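So the structure is just underneath, and the comments pick up after that.
The values are calculated or read from the model by the stated rules, or taken from the named source; none is laboratory data. Please read these numbers as outputs of a predicted model, since none were measured by experiment. Glycine gets a Cβ as well: all are built from the backbone with ideal geometry, and neighbour counts include every protein chain shown. All accessible areas refer to the heavy atoms of the entire protein, side chains included, with ligands and DNA or RNA removed. Shrake-Rupley method; radii C 1.70, N 1.55, O 1.52, S 1.80 Å.
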There are 4 protein chains.
Amino acid sequence: MDKNNSSMKALVFHGPNSLALEDKPRPALQEATDAIVRLTTTSICGTDLHILKGDVPTIPDGRVLGHEGVGIVEEVGPGVLAFHPGDRVLISLITSCGRCDFCRKRMYSHCRVGGWLLGNHIDGTQAEYVRIPFADNGLYALPPEAEDEAVVMLSCILPTGMECGALSGQVKPGDVVAIVGAGPVGLAALLTAQLYSPAETVMIDLNDNRLMIARSFGATQTVNSSDGKAAKRIMALTHGAGVDVAIEAVGVPATFDLCQAIVAPGGHIANAGVHAKPVALHLEKLWGANITLTTRLVDAASTPMLLKMVQSGRLDAKKLVSHRFELSEILKAYDTFGNAERSHALKVAIKNPAQQP
Amino acid sequence: MDKNNSSMKALVFHGPNSLALEDKPRPALQEATDAIVRLTTTSICGTDLHILKGDVPTIPDGRVLGHEGVGIVEEVGPGVLAFHPGDRVLISLITSCGRCDFCRKRMYSHCRVGGWLLGNHIDGTQAEYVRIPFADNGLYALPPEAEDEAVVMLSCILPTGMECGALSGQVKPGDVVAIVGAGPVGLAALLTAQLYSPAETVMIDLNDNRLMIARSFGATQTVNSSDGKAAKRIMALTHGAGVDVAIEAVGVPATFDLCQAIVAPGGHIANAGVHAKPVALHLEKLWGANITLTTRLVDAASTPMLLKMVQSGRLDAKKLVSHRFELSEILKAYDTFGNAERSHALKVAIKNPAQQP
Amino acid sequence: MDKNNSSMKALVFHGPNSLALEDKPRPALQEATDAIVRLTTTSICGTDLHILKGDVPTIPDGRVLGHEGVGIVEEVGPGVLAFHPGDRVLISLITSCGRCDFCRKRMYSHCRVGGWLLGNHIDGTQAEYVRIPFADNGLYALPPEAEDEAVVMLSCILPTGMECGALSGQVKPGDVVAIVGAGPVGLAALLTAQLYSPAETVMIDLNDNRLMIARSFGATQTVNSSDGKAAKRIMALTHGAGVDVAIEAVGVPATFDLCQAIVAPGGHIANAGVHAKPVALHLEKLWGANITLTTRLVDAASTPMLLKMVQSGRLDAKKLVSHRFELSEILKAYDTFGNAERSHALKVAIKNPAQQP
Amino acid sequence: MDKNNSSMKALVFHGPNSLALEDKPRPALQEATDAIVRLTTTSICGTDLHILKGDVPTIPDGRVLGHEGVGIVEEVGPGVLAFHPGDRVLISLITSCGRCDFCRKRMYSHCRVGGWLLGNHIDGTQAEYVRIPFADNGLYALPPEAEDEAVVMLSCILPTGMECGALSGQVKPGDVVAIVGAGPVGLAALLTAQLYSPAETVMIDLNDNRLMIARSFGATQTVNSSDGKAAKRIMALTHGAGVDVAIEAVGVPATFDLCQAIVAPGGHIANAGVHAKPVALHLEKLWGANITLTTRLVDAASTPMLLKMVQSGRLDAKKLVSHRFELSEILKAYDTFGNAERSHALKVAIKNPAQQP
């Protein structure tokens, strides 16, 4: 690889519904705590589709998208302590300074100078190279045996399912857990909720194919909610008791409503979906029901733990990957991921063949 | 006192806006685990006013109201282990069997055969005598030095403030706590939140008199919200950070809205108010704010702890009592308590002079 | 079965090393909250062996031993609410009143009038019939499909492993857990620790057969400590970091020492073993190591959850049972269980054939 | 103050029992994340006395002692984000990188490259200037109204009392807390335990003067343990129940023993003392007592909260300061602090008059 070649391929946003794979200058170190990473694998997130549709108006024309990635450290600033060129690393979607009040509370997503920056406020990972601010806090060393495809699921989707779903919902052994929405977030919640051994996990979706996948991922019950009777059916499944934990993994009022309808007294509603409008909270019914409702932007605080689980073989992260592409095919990858109903896509892995070790 | 006399005075509900102090037969033991208690002091709760207005349609004509009380055990069933005639006791608003799944989780308010029964599903405490089911779980022994007026505040209002407010809100040292509503529930939340040493407690209400009382109860800041600028003012007070804990102690959409507007990322909204209709939950703003929102029907699980605090002199429960009456004046007590804006009433203590020790 | 026949077979303690299977009068109801249960299956606990050796001097001559059992309710007192004759039930080793301060804190083992009574302060379950005080709090209803052999493991051994081991040790996903002692308590800790998905579980014992069983129960590493190098080997396995949780499941100073030697800074030592003498706590080394050390007498507070796990097929309790006997063979069962090194016994199931449904 | 003058006064350790106030070169920036702070106030810790006695053999000849301080930022490296020359700051005793696994778990005292460095592995704060590594994580901005004397108590002693005592002991409202040792650590535990509103705080010491001070700091009971009857007396005070939390604040076997003798079932023993030898842990008595025992090296994770409490006027940190000196008198300060029984010293404040703002 020619280090003097200062350009790279990158997927660039040019306003709603306009993406292009272009040559861009390679990123350079800006701060002492930066690292430059050569990407070997990246992915596409549901949020990238929202950006593409124009739902995130703050994203400027020219932005390189993407916040998921695995790669090789190319260069580090003088303030980076733990990483060196040649290190194989996982990139976290969250940039965190490790110093501010929110970082000290482990709320990295609200870091005063960080948060979700990659592919949003700064150029992202759907490219050959990316600049990672506060590299010591945003990268994780990978052992040789870790597979790119498995590990790239730890950049965003698995911490999201874990933190916004399983951890916020306080899933515990013996629980009945319902997950509304069997897309990537819901499936990640399903995989990670099982780390706490619920007695039953009920997956709810409109799409039978996704429900079939959910079963293969360990759901003990599935409910197709297209007939409007999901709540009734879940209450029957639980003999009228309701569920201990309801995880909302869609982001629309109807799915939030379903969570309210099925949660047991003393139960948890963990909101993992991104909502565009208010929902009705039925306090006239729930004020006395001892409910705990949580919202969360993924902090990626669970990444080290998830990495241990993947390395020990106890979490099969790779099965979230349904399709594989090369970086040169990334527009096709967007098309596949963006038409999941037709393509049956879960997550995609996008490899940069030139960079494979 | 004539033990053979089998009638007693009791405050009886006869449908909306109709109460009467009448002669009723004294309650008798029905189950082995019952006790009969002679009341020395009772009180009136905001919920009693709701009943009076007709908001609780399940209350039948003829019901003796009231769920707060202090008294002397008159008689116990053969299954009562811990109490004997002559014992001075505090009566908990919550009846709990101590055996069902909810009781084992300490969710006594959802007890399969108990919950809020007194003055609701069975005759209550605004009378000379009351029958207490599962007496071992619903009564607390009182030492001679405990004052009726202080202790009767532990039947309902202080556990409500503690559990639905301070505990659900997870108040901790250094926090900024806002309490919306300076009525008895809000003031009880204020007194009990202070057990966890917040740095600041901001009380919000429409009524300047109540805010003045809140200051005397320890609020460090007060905000009159009648001009619609409370949110703005609280954000200014917190230098834009918002509050760590917002306690809703009113039960209407506007006050719940205020809580949402002022809660800091990572903060808690603890709902203590009783709501009659849905509220709008602003997930379009809060989905990524790492908020925890709780609802709770008071379980009175905190009563033993509160009793220790009152006995050790560290919680001045008595200052919630603004007016005192005899049982014969209970209709006047309802009038005073029901017109708090005019009377400046907080809680009332209603004594049965014949029963005083 | 002749209901008029008022005698039964029972295993009776007659002082150290003296047991006999004898005819005894059947137990009768004594309190309103009692139940009489006909046993279909019982078991033997390591504690019973201690009693047999004379280590529990409070046990009187004539006591029927045993605190584990599954059976059919024969009779209930008038104060029993949840059970009726004919109900199939699991018997908890712990008797709890559900009313005292300890019961309200879920510390049932320290119940003011209960605790470990069966086969200790009152006659136990190694018999055809047993009297269960506070039956509503000491019995659990069983569905028809529950197998005696699986469920009887929930009377004592699995709650012990769960509470004194996994829960006290706060096992969480990604942890490295070491369990010192692969006897029934250690294996129960192993099974229940896995409900929290540790990355690694290291089992330590002197006996290779038990270590082989531990592997088949899910241990990811095993260490035979007979050469005195266990600590060194575990530190090597963890690359010098030590373990997140060390569970002591033997009850002698050497095994407690090993836990201290291998616990990582910030880690947990959960003592599940019954100790007969003091141990040296190395505060000169551990004072600054941010260690949490716990002791616990099993409260059986986890029984309802474990029952859900067994019923949902997620906890294979039955595999703890290595040998099966009939009640008439109970002395042989004691011999087998008491010579585990030779017999390779884990837990034994002792069935009463006359009582099988 | 002459900025070109590159020497400073500093208290230098020259081996056991040998200290000197000397001229030393001023510290200079070494890493990008360093800051140089001009000290306005420092203090002496019990640990400094141990160093002086030769108990910490790793301290080299020539080391500037001290790990407590308040001052003005003189210079910052290019990697320091939050501080600038002229900022008034509190110095934490703990150096933390904010990036390693321990820092991410908030176990800053075990930071892979930090921990207790000041006055130990690097030169400390008993000087005119000090170099602070990872300044963003080891300094706290002070508002103009914060008093040096109050705030310097947050460098070490109050976080120690809070974290090793109150937090580790999980003090909660209504608890009975016993603190064994009324020296600075014990008094700091007393002040911070009160933030959680225990019902009773019992202080135990051999010295009546210290017990009198403890009373003035809020202890509700005091016990002089010199007659060997402290355990008996505390059991009597608690009507045989024992204490919910026992905080060990001395560091010798006898005081640890006392904690074991008085802790209630379900209670906590929080070890805050620094121990030089093993203690006997009475597992033969405590194995079934549901005890939680903790050890901890102060992480100073509670400093931001304590700072809020001091600033809001709810924690009177200053009252720990019994004696005041100028830096030129620091040997006299050591003498006073080292002979506390005679001098009645608690903590000393050592001011650098040339540096006062």
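Please give, to one decimal in nm, the separation of the simple spin-label points placed at B:Asp208 and C:Leu206, each 7 Å out from Cα toward the Cβ.
8.2
Quick one: accessible surface of A:Leu19, probe radius 1.4 Å, all protein chains present, in square angstrom to the nearest 10.
Result for A:Leu19: roughly 30 Å² accessible.
In terms of the Cα gyration tensor, with a ≥ b ≥ c the square roots of its eigenvalues, is the stretch D:294-339 rounded because a/c is under 1.5, prolate because a/b exceeds b/c, or oblate?
Working: a/c = 2.74, a/b = 1.58, b/c = 1.74.
Oblate, since a/c reaches 1.5 and b/c is not below a/b.
Would you grab the residues whose amide H sits under 5 Å from the one on D:Leu118? Only those 5+ places off in sequence or on another chain, please, with H modelled 1.01 Å from N.
It is D:Thr95, by chain and number.
Please give the direction-averaged projected area of the C-alpha convex hull for the stretch A:204-257, in square nanometres with one decimal.
Working: hull surface 15.4 nm².
About 3.8 nm², averaged over all directions.
Can you classify the stretch D:70-173 as rounded, prolate or oblate using the Cα gyration tensor, where a ≥ b ≥ c are the square roots of its eigenvalues, rounded means a/c under 1.5, and otherwise it's prolate if a/b beats b/c and oblate if not? Could you put the intermediate results ahead of the total?
Working: a/c = 1.75, a/b = 1.25, b/c = 1.41.
In terms of gyration-tensor shape, oblate.
Over chain B, what is the relative contact order in percent, taking alpha-carbon pairs closer than 8 angstrom and at least six residues apart? Please list the in-between numbers first.
Working: 852 pairs, mean separation 61.2, N = 357.
Here the relative contact order equals 17 percent.
Write down the accessible area per residue of the stretch D:270-357 in Å², having rolled a 1.4 Å probe over the full set of protein chains.
40
How much solvent-accessible surface does A:Ser168 expose, in Å² to the nearest 10, with a 1.4 Å probe and all protein chains in place?
Answer for A:Ser168: close to 20 Å² accessible.
With charges set only on the Cβ (+1 for Lys and Arg, -1 for Asp and Glu), what does the dipole of the protein assembly as shown come to about its Cα centre, in debye to the nearest 20? Write out the running numbers ahead of the final one.
On the way: 128 positive and 144 negative charges, 2 e Å.
Approximately 0 debye in magnitude.
What span do the alpha-carbon atoms of the stretch B:124-201 cover on each of the three principal axes, reported in whole Å from largest to smallest?
Computed over the Cα atoms, the extents are 44, 25, 22 Å.
Give me the base-10 log of I(q)/I(0) for the protein assembly as shown at each q in 0.04 Å⁻¹, Debye formula, one uniform scatterer per Cα, rounded to two decimals.
Values returned for q = 0.04 Å⁻¹ are -0.26.
Of all the Cα-Cα pairs you can form in the stretch C:1-101, what percent are over 24 Å apart? Walk me through the numbers before you get to the answer.
On the way: 1564 of 5050 pairs.
Roughly 31 percent, rounded to a whole number.
Hey, what's the Kirkwood Rh for the stretch C:275-317 if you take every pair of different alpha carbons, in angstrom? Please list the in-between numbers first.
Values: mean 1/r = 0.0711 Å⁻¹.
Result for the stretch C:275-317 stands at 14.1 Å.
Accessible area per residue of the stretch B:50-168 at 1.4 Å probe, in Å²?
Roughly 30 Å² per residue, with all protein chains present.
Please work out the C-alpha center-to-center distance from the stretch C:211-260 to the stretch D:263-315 and express it in whole Å.
Comparing the Cα centres of the stretch C:211-260 and the stretch D:263-315, I get a distance of 27 Å.
Normalised by the number of residues in the stretch D:1-111, what is the relative contact order in percent for Cα pairs under 8 Å and 6+ residues apart? Before the final figure, lay out each step's value.
Details: 187 pairs, mean separation 26.0, N = 111.
Result for the stretch D:1-111 is 23 percent.
For B:Ile122 paired with C:Ser6, estimate the spin-label separation in nm (one decimal), with each label point 7 Å from Cα along the Cα-to-Cβ line.
A separation of 3.6 nm, rounded to one decimal place.
Considering every residue in A:259-271, what mean count of other chain Cβ atoms within 10 Å of its Cβ is obtained?
2
For the stretch C:266-357, report the % of Cα-Cα distances exceeding 22 Å. All intermediate terms of the calculation are to be shown ahead of the outcome.
Values: 2461 of 4186 pairs.
Across the stretch C:266-357, Cα pairs with separations above 22 Å total 59 percent.
What residues qualify as long-range amide H neighbours of C:Leu65, i.e. H under 5 Å apart, gap of 5 or more or another chain, H built at 1.01 Å from N?
Counting only residues 5 or more places away or on other chains, the set is C:Leu11, C:Phe13, C:Gly124, C:Gln126.
Inverting the mean 1/r over all pairs of different Cα atoms, compute the Kirkwood radius of the stretch B:1-55 and quote it in Å.
Radius from the Kirkwood sum: 13.4 Å.
Under a crude label model (7 Å from the Cα following the beta-carbon direction), how far is A:Thr58 from B:His239 in nanometres?
2.2
Hey, in the GNM for chain B with a 10 angstrom Cα cutoff, which one of B:Ala340, B:Ala182, B:Ala301 fluctuates hardest?
Evaluated over chain B, the most mobile residue of the options is B:Ala340.
Can you give me the Cα centroid spacing of the stretch A:88-124 and the stretch A:1-60 in angstrom?
17
Test of understanding: in a Gaussian network model of chain C with alpha carbons linked when under 10 Å, which of C:Val243, C:Val252, C:Val176 would top the mean-square fluctuation ranking?
C:Val252
At A:Arg324, label 7 Å along Cα→Cβ: distances to the other copies, nm, ascending?
Distances between equivalent label points, in nm: 4.8, 7.4, 8.4.
Quick one: what Rg and Dmax do you get for the stretch B:106-248 from the alpha carbons, in Å?
Rg then Dmax for the stretch B:106-248, in Å: 17.8, 54.
Just the projected area, averaged over all directions, of the convex hull on the alpha carbon atoms of the stretch C:123-167: how many nm²? Intermediate values should be presented prior to the final figure.
Working: hull surface 17.4 nm².
With every direction weighted equally, the projected area is 4.3 nm².
Could you work out what % of the accessible surface of the stretch D:78-216 is carbon and sulfur, using a 1.4 angstrom probe and leaving DNA, RNA and ligands out of the count? Write out the running numbers ahead of the final one.
Details: 2180 of 3780 Å².
With neighbouring chains kept in place, the figure for the stretch D:78-216 is 58 percent.
Quickly estimate the mean residue ellipticity at 222 nm for chain D, helices only: each DSSP H run with n ≥ 4 gives -39500 (n - 2.57), and the total goes over all residues, rounded to 500. Let's see the in-between values first.
Working: 13 runs with 87 residues, N = 357.
Computed ellipticity for chain D at 222 nm equals -6000 deg cm²/dmol.
Placing a label point 7 Å from Cα toward Cβ, how far apart in nm is C:Pro85 from its equivalents in the other copies, listed shortest first to one decimal?
3.5, 8.8, 9.4
Under the Kirkwood approximation for Rh and a Cα-based Rg, what ratio Rg/Rh is obtained for chain D?
My calculation of the ratio gives 0.98.
So if I place +1 on the C-beta of Lys and Arg and -1 on the C-beta of Asp and Glu, and nothing else carries charge, what would the dipole magnitude of chain D be about its Cα centre? I want it in debye, nearest 20.
Values: 32 positive and 36 negative charges, 111 e Å.
Around 540 debye, computed over chain D.
Just the number, please: buried accessible area between B and A, total of both chains, 1.4 angstrom probe, nearest 100 square angstrom.
Summing both chains' loss of accessible area gives about 2800 Å².
Just tell me how shielded D:38-44 is by partners: mean number of partner chain Cβ atoms within 10 Å of each residue's Cβ, no decimals.
Numbers: counts 0, 0, 0, 0, 0, 0, 0.
Taking all residues of D:38-44 together, the mean is 0.
Filter the cross-link list A:Lys285/C:Lys105; A:Lys285/B:Lys277; C:Lys172/C:Lys229; C:Lys24/C:Lys351; A:Lys9/A:Lys332 down to pairs whose alpha-carbon distance in this structure exceeds 20 Å. The partial results should precede the final answer.
Values: A:Lys285/C:Lys105 29 Å; A:Lys285/B:Lys277 8 Å; C:Lys172/C:Lys229 27 Å; C:Lys24/C:Lys351 18 Å; A:Lys9/A:Lys332 15 Å.
Table pairs above 20 Å Cα-Cα are A:Lys285/C:Lys105; C:Lys172/C:Lys229.
When DSSP beta bridges are limited to those with both residues in the protein assembly as shown, what percentage is antiparallel, rounded to the nearest 5? Display every interim value, and only then the final one.
Numbers: 132 of 244 bridges.
The answer is about 55 percent antiparallel.
So for the stretch C:1-152, taking the charge dipole from beta-carbon charges (+1 Lys/Arg, -1 Asp/Glu), which of C:His14, C:Val73, C:Thr33 sits furthest toward the positive end?
Comparing the listed Cα positions along the dipole, C:Thr33 ranks first.
If you build a Gaussian network model of chain B, linking Cα atoms that sit under 10 Å apart, which residue out of B:Lys172, B:Lys24, B:Lys232 swings the most?
Between B:Lys172, B:Lys24, B:Lys232, it is B:Lys232 that shows the largest mean-square fluctuation.
Distances in nm, one decimal, shortest first, from A:Ala141 to the same residue in every other copy, taking the label point 7 angstrom along Cα→Cβ.
Nearest first, the other copies' label points are 3.5, 5.6, 6.1 nm away.
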